[in-house]
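Notes to accompany the following structure.
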Amino acid sequence: MSKKKFLHRILLSKKRKNIYPLLDHGLSRKDLNEGIKVLKSGRITMGQKTQNFENKFKNFLGSKYALMVNSGSSANLLATFASCNPMRKKKFKRGDEAIIQSLCWPTSLWPLVQCGLKIKFVDVNPKTLNVNADNLIKSISRKTKVILIINVLGLSTEIKKIRDFCNKKNIILIEDNCESLGTKYGRKFLGTFGDFGTFSFFYSHQITSGEGGMIVCKDKKDYEILKSLRSHGWSREKKTAIKYPYLDPRYIFVNSGFNLRPTDIQASIGLSQFKKLKKFMKIRISNRNKIIKSLKMHKNWSDQFSFLEVPKKISPSYMVFPIFLNKKFRKKKTQFINYIESRGLETRPIISGSFVKQPSSKLFKLNPRKTKFPGADIVQELGFVIGLHTKNISSSKLKFLSETLLSIDSL
Ligand SMILES: Cc1ncc(COP(=O)(O)O)c(C=O)c1O
């Protein structure tokens, strides 16, 4: 089938009702009512609800500080810009090197580029989707000043090893945990290992506020930097007003800045969802096990697919269900995805695939030596995701999934 026809089919399938969509209705009436209450109060902008959510979030994670923003991308932007802020002691400068995995999300990467860092990509292990800690450590050079680790789709790597190495070498570690809220490495939540940890509450993530994000950190100074960068470079602290008695205390701008504030509508929906995180995590793990079991017990099962391996010490919290085709089906992938989409099984690629293959990466010449990333290539060529819902999966849905997926043999 030609690419044009394939795209046409995909667009058509959007109009068709999905039998097994990527997302179920994770937002309950109660979640939405919390948002409506804020709307009706007339106090929509960032306020008490946002602070309540931040407090609950940091207490749950065992992190010292948490700051809500309007998206996970904004959390990454803040973490990176805070890491080179003149107010910070340990900071990188333009021209320094940043390491990030080749299987990444654009807005994990772009803030590093926007801050003038030179990008060094490292490959991922296609069995876990995450970097191998020893390989990453081997790729560190004297120029490396920042490492941005993405904890991909509920899993991670030996993050403690990387954190300890970064501490020893004075390297800034940013943990993009947008896809792994609730996952633990050992007894500690992911997102709390790095200097900064970022989270997304976009619709498809572990919990949602529609749009929204959070950033956590351990250091008070970092928190103050993040807070002023989030909001125009503002400071409304009493101590600032005392320091600058000749300025109107309501309008003192102590730093550069953005406007990345969330609304209290998002915060109240996010907080309502957050109360159900543990329940969602449990159901998703159970649904995942049921889907794998139902596929493997099917009479037509013959290793057509494989699934993620959970690395040691990781207790995962999932948002979607990644599936890998057996490599003998490599050439059939487009046809297969097209077919299952047409049957009402919604899919997505795994993150952005190998990011060096994206046109934007070429536009900014991010991989001038044309280094190969075979792990990320395998993920792109053989992997895709389907939904992992927050309600217990029914036996009719399990049957639908097994039969639709296993139809690969007859294509
Ligand atoms: C790894 C990763 N980082 C960052 C983001 C951006 O989050 P948001 O969509 O909330 O901006 C995403 C979004 O899916 C992501 O997967």
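The values are calculated or read from the model by the stated rules, or taken from the named source; none is laboratory data. Keep in mind the model is a prediction, meaning the values are calculated, not measured. Please note: Cβ atoms are built from the backbone with ideal geometry, for glycine as well, and neighbour counts cover all protein chains shown. Keep in mind that these areas ignore ligands, DNA and RNA; they rest on the heavy atoms of the full protein, side chains included. Shrake-Rupley method; radii C 1.70, N 1.55, O 1.52, S 1.80 Å.
Judged by the mean number of other Cβ atoms found within 10 Å, the most tightly packed of the peptides 74-83, 97-106 leads the ranking 74-83, 97-106.
Modelled spin-label separation between Arg348 and Phe364, with each label point placed 7 Å from Cα along the Cα-to-Cβ direction: 2.1 nm. As a test of the formula, what do you get for the chain when each DSSP H run with n ≥ 4 contributes -39,500 (n - 2.57) and the sum is divided by the residue count, at 222 nm and rounded to the nearest 500 deg cm²/dmol? Helices in the chain give a 222 nm mean residue ellipticity of -11500 deg cm²/dmol. Computed from label points 7 Å out along Cα-Cβ, the spacing between Leu39 and Lys332 is 4.7 nm. Each part reduced to its alpha carbon centroid, the range 54-117 and the range 157-188 end up 13 Å apart. Rolling a 1.4 angstrom probe over the protein heavy atoms with all chains in place gives the chain an accessible area of 49 Å² per residue. Neighbours of Leu39, meaning other residues whose beta-carbon lies under 14 angstrom from its beta-carbon, give a summed charge of +1 when Lys and Arg score +1 and Asp and Glu score -1. When both the range 217-280 and the range 387-411 are represented by their alpha-carbon centers, they are found 44 Å apart.
Other residues lying with their Cβ under 11 Å from the Cβ of Thr144 contribute a combined charge of +4, Lys and Arg counting +1, Asp and Glu -1.
When DSSP beta bridges are restricted to pairs lying wholly in the range 29-274, around 45% turn out antiparallel.
The alpha-carbon of Lys188 sits under 13 angstrom from the alpha-carbons of these aspartates and glutamates, leaving out residues fewer than 8 places away in its chain: Glu158. Quick one: of the DSSP bridges fully inside the chain, what percent are antiparallel, nearest 5? So the antiparallel bridges in the chain amount to around 60 percent. Annotation: Trp301 carries an accessible surface of approximately 50 Å², with a 1.4 Å probe and no ligand, DNA or RNA atoms counted. Of the accessible area of the chain, computed with a 1.4 Å probe over protein heavy atoms only, carbon and sulfur atoms account for 55 percent. Here Asn300 and Lys17 are evaluated by their C-beta separation; at R0 = 22 Å the FRET efficiency comes out at 0.25.
The local environment of Leu401, defined by Cβ-Cβ distances under 12 Å, has a net charge of +4 under the rule Lys, Arg +1 and Asp, Glu -1. Annotation: extensible slack from Val310 through Phe60 equals 87.7 nm (criterion: 0.36 nm per residue apart, minus Cα-Cα distance). GNM remark for the chain: springs join alpha carbons under 10 Å apart, and the peak mean-square fluctuation among Leu67, Leu112, Leu27 falls on Leu27.
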